[in-house]
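The values are calculated or read from the model by the stated rules, or taken from the named source; none is laboratory data. All values derive from a computational prediction rather than experimental measurement. For neighbour counting, all protein chains shown are included, and Cβ atoms are generated from backbone atoms with ideal geometry for every residue, glycine included. Heads up: the accessible areas ignore ligands, DNA and RNA and are worked out on the full protein's heavy atoms, side chains in. Shrake-Rupley method; radii C 1.70, N 1.55, O 1.52, S 1.80 Å.
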Amino acid sequence: MTAQPEEPTAPRDPGEDPAAIFDALPPTHRDQFRAEYDEALDAAHDLARFKQVQSLLRQWRLRAIAYGRPGYEDAVQDALQGREDSFVRYTPPGWEGRV
């Protein structure tokens, strides 16, 4: 048996299931999600505002995926501290001088 390097795994996509999103979130973000979700559900009684629930679930789904990525918290701290050298600048081919 040979050892194989372990590849980093991407966070699991919880889809738009509120329970799966809640479970995928770090504990520090769960209260905020729950409060916003409950507020959106209350607003959904007005059919004109029903899409608010769908929008909220899409936003929190993406947040749960981002929060679960290895190095996410470090990248946030680097950005807040202005440590630009930590980020890789990517310029698509043909865009040199445009950005």
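From the set of residues in the range 33-76 that are small (Gly, Ala, Ser) and in a helix (DSSP H, G or I), which is farthest from the chain's Cα centre (by Cα)?
Ala48
Taking the range 1-54 only, how many residues are of a type in the set (Ser, Thr, Tyr) and at pLDDT 95 or above?
Within the range 1-54, residues that are of a type in the set (Ser, Thr, Tyr) and at pLDDT 95 or above number 1.
Are there any pairs, at least 6 apart or on different chains, whose C-beta atoms fall under 8 Å, with the first in the range 65-83 and over 17 Å from Thr28 (Cβ atoms) and without any contact (Cβ under 8 Å) to a residue 24 or more places away in the chain and the second open to solvent by less than 70 Å² (accessible area, probe 1.4 Å) and not hydrophobic (A, V, I, L, M, F, W, C), and if so, which?
Matching pairs, first to second residue: Asp78/Ser86.
Among the residues of the range 47-99, which ones are loosely packed, with under 11 Cβ neighbours inside 10 Å and among the β-branched types (Val, Ile, Thr)?
Of everything in the range 47-99, those that are loosely packed, with under 11 Cβ neighbours inside 10 Å and among the β-branched types (Val, Ile, Thr) turn out to be Val88, Thr91, Val99.
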